[in-house]
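Values quoted throughout were computed directly from the atomic coordinates according to the rules given, and no laboratory measurement underlies them. Just so it is clear, the model here is predicted, and its values are computed rather than measured. With ideal geometry, Cβ positions are generated from the backbone for all residues, glycine too; neighbour counts draw on all protein chains shown.
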Amino acid sequence: MKNLMKSTAIAVLFLLSLTSMTPVPKPNLVISDEGKNLFIQLNSQLRGTTIAITDNSENTLFFADVYDGTYAKKFNLEQLGDGTYYFTVDNPEASLVYTLNLKDGNVNILQKEQNAAPSAFRTDGNKVFFTLEKKDLKKVNIKIINSSNAEVFSKSETVDGSIDKVFNFEKAVKDSYTITIEDGQTTYFQQVEVAS
């Protein structure tokens, strides 16, 4: 089981780096060379993110809620029999499913499937547009942080069912920024790279 968790964590770290610019969950899933170990590291910007491991009969073997921030865990799958298992990372914006094969003391990722919900964000050059309509939408909290996690903008707005915002980064300092918008139920985020 220790080896599986180690492998999972390594794989999760790898996948996190590959998917960090998309709205889908951003895990790094790493398989250890020490047998059935799996390592996961997840940078979750969305409230409501969950991870789960299920077997071919849809039995849940592991389940956890992942809150804002970084989540890391090692899974040792030595107690599991040979077969097919599913490692799922799910949140309100998207889901990511890894199909794992355990055989002869080793774990392999057979397939990665990702499904993203339509984003509330749209980019055009150095401008980012955010549009959201919900009949129960009353208030949003907007925050922008830079690559050093320093807050460069923060505002709460009262709205009446919809919001349309434009974020202009044309005069921003060269850096990576994360826009976070919370509506009380869901947190939306968008990565922005300012090159000059």
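Here the range 157-196 and the range 122-142 have alpha carbon centers that stand 7 Å from each other. Taking every C-alpha pair closer than 8 Å and separated by at least 6 residues, the mean separation divided by the residue count of the range 121-194 gives a relative contact order of 33 percent.
Among the trypsin sites (Lys or Arg not before Pro) within the range 102-169, those in coil by DSSP and having at most 15 neighbouring Cβ atoms inside 10 Å are K134, K135, K138. Listed from fewest to most Cβ neighbours within 10 Å, the set V152, V66, V97, V173 follows the order V173, V152, V97, V66. Here the calculated FRET efficiency for T178 and F63, from their Cβ-Cβ distance with R0 = 22 Å, stands at 0.20, rounded to the nearest 0.05. For the range 99-111, backbone phi angles converted through the Karplus equation (6.51, -1.76, 1.60; θ = phi - 60°) give residue-by-residue couplings of 8, 10, 10, 9, 7, 6, x, 10, 10, 10, 8, 7, 7 Hz, Gly and Pro being listed as x. The ranking of Y188, Y98 from fewest to most other beta carbons within 10 Å of each one's beta carbon is Y188, Y98. Think of each Lys and Arg Cβ as +1 and each Asp and Glu Cβ as -1; about the Cα centre, that makes the dipole of the range 121-194 roughly 60 debye. Pairs from the list K134/K174; K73/K112; K139/K165; K74/K103; K112/K165 with a Cα-Cα gap above 23 Å: K134/K174; K112/K165. The length gained by stretching the chain between S119 and T131 to full extension, at 0.36 nm per residue less their Cα-Cα distance, is 3.4 nm.
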